[in-house]
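Only one structure is covered here, and it is reproduced in the block below.
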Amino acid sequence: MHRSVIHCAGAAALLIVPVLAPAQEQISELAAQSPHQLSKEELQTLWPGASVSRVSARGNTHRWSNDADGTFIISSDNAAPGMRASSSAHGRWRILDDGRLCVTIEWRLNPTEDWCRFVFRTGDGYWTARSDASGEKVYRLEIRRPG
């Protein structure tokens with residue numbers, strides 16, 4: 001009887017791990033999908049007005065829509081264990097001349113998030129990375145244009 005309880009608890013832990021810490025791929029793992037690094041011009045067409053979502057390393061889903069003036073309001077479901085109710089925060093975005101997308105999110109209860117990354121498109125969607133080095137981690141973004 002005791003063994004089956006341990007076995008069930010172990011299975012439950014295995015099911016929870018992907019939600020708490022989604023696996024991050026590396027650029028080299030996207031090679032089979034022929035990733036295309038978006039240029040500044042391509043980002044300037046794609047990003048303003050786009051709706052974006054991502055899953056954080058903790059398993060929270062974040063959603064926002066980019067305003068043309070470089071701002072957005074982000075919402076988080078805070079679904080990770082131990083998190084409080086859903087929340088929102090103000091954010092800003094900009095595109096640098098070298099094609100990097102920069103995002104700043106002023107979370108109320110967490111430190112400000114501030115990053116700049118290149119955006120890659122594959123047949124599977126959009127990914128961001130700090131550089132195009134083969135070992136660089138990539139982070140998935142769901143990006144949708146209106147209409």
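The values are calculated or read from the model by the stated rules, or taken from the named source; none is laboratory data. What you see is a predicted model; the values in this text were computed from it and never measured. Here Cβ is always computed from backbone atoms with ideal geometry, including for glycine, and neighbour counts include all displayed protein chains.
I'd like to check something: does region 129-144 contain any residue that is surrounded by 12 or more Cβ atoms within 10 Å (Cβ to Cβ), within 17 Å of Ala57 (Cα to Cα) and hydroxyl-bearing (Ser, Thr, Tyr)?
There is at least one residue in region 129-144 that is surrounded by 12 or more Cβ atoms within 10 Å (Cβ to Cβ), within 17 Å of Ala57 (Cα to Cα) and hydroxyl-bearing (Ser, Thr, Tyr).
For region 96-110, state whether one or more residues are part of a strand (DSSP E or B) and more than 18 Å from Leu141 (Cα to Cα).
Keep residues of region 96-110 that are part of a strand (DSSP E or B), which gives 101-106.
After this cut, where a residue has to be more than 18 Å from Leu141 (Cα to Cα) as well, the list is 106.
The answer is yes; a qualifying residue exists.
Go through region 105-125 and count every residue that is out of contact with any Gly (no Cβ under 6 Å at 6 or more places or on another chain), without any contact (Cβ under 8 Å) to a residue 60 or more places away in the chain and crowded, with 17+ Cβ neighbours inside 10 Å.
The number of residues fulfilling the criteria is 1.
Taking region 87-116 only, how many residues are farther than 17 Å from Val52 by Cα and of a type in the set (S, T, N, Q)?
Adding up the residues that qualify gives 2.
Quick check, is Thr45 modelled with pLDDT of 90 or more and in a helix (DSSP H, G or I)?
Working: modelled with pLDDT of 90 or more: yes; in a helix (DSSP H, G or I): yes.
Yes, satisfied.
Say whether the condition of being among the hydrophobic types (A, V, I, L, M, F, W, C), over 18 Å from Gly125 (Cα atoms) and assigned to a loop (DSSP other than H, G, I, E, B) is met by at least one residue in region 60-75. Before the answer, list the steps.
To start, the set of residues in region 60-75 that are among the hydrophobic types (A, V, I, L, M, F, W, C) comprises 64, 68, 72-74.
Now narrow it down to the ones that are over 18 Å from Gly125 (Cα atoms): 68, 72-74.
This time we only want the ones that are assigned to a loop (DSSP other than H, G, I, E, B), so: 68.
Yes; the residues of region 60-75 include at least one that is among the hydrophobic types (A, V, I, L, M, F, W, C), over 18 Å from Gly125 (Cα atoms) and assigned to a loop (DSSP other than H, G, I, E, B).
Let me confirm something: among Ser34, Ser65, Ser28, which residue is among the small types (Gly, Ala, Ser) and either under 14 Å from the mean Cα position of the chain (by Cα) or modelled with pLDDT of 95 or more (or both)?
On the way: Ser34 fails: either under 14 Å from the mean Cα position of the chain (by Cα) or modelled with pLDDT of 95 or more (or both); Ser28 fails: either under 14 Å from the mean Cα position of the chain (by Cα) or modelled with pLDDT of 95 or more (or both).
Ser65 is the lone residue from the list that is among the small types (Gly, Ala, Ser) and either under 14 Å from the mean Cα position of the chain (by Cα) or modelled with pLDDT of 95 or more (or both).
Quick one: how many residues across region 48-59 are of a type in the set (A, V, I, L, M), modelled with pLDDT under 95 and in a loop (DSSP other than H, G, I, E, B)? I'd like the intermediate steps shown before the answer.
Within region 48-59, the subset of a type in the set (A, V, I, L, M) is 50, 52, 55, 57.
Checking which are modelled with pLDDT under 95 leaves us with 55, 57.
Now restrict to residues that are in a loop (DSSP other than H, G, I, E, B): 57.
The total comes to 1.
For region 111-126, enumerate the residues that are part of a loop (DSSP other than H, G, I, E, B) and not charged (D, E, K, R).
Here is the first cut: in region 111-126, the residues part of a loop (DSSP other than H, G, I, E, B) are 111-112, 123-124.
Residues satisfying the conditions are Pro111, Thr112, Gly123.
Given the conditions (1) modelled with pLDDT of 90 or more; (2) on the phi > 0 side of the Ramachandran plot, report the number of the one that Gly82 does not fulfil.
So Gly82 meets the others, but not (1).
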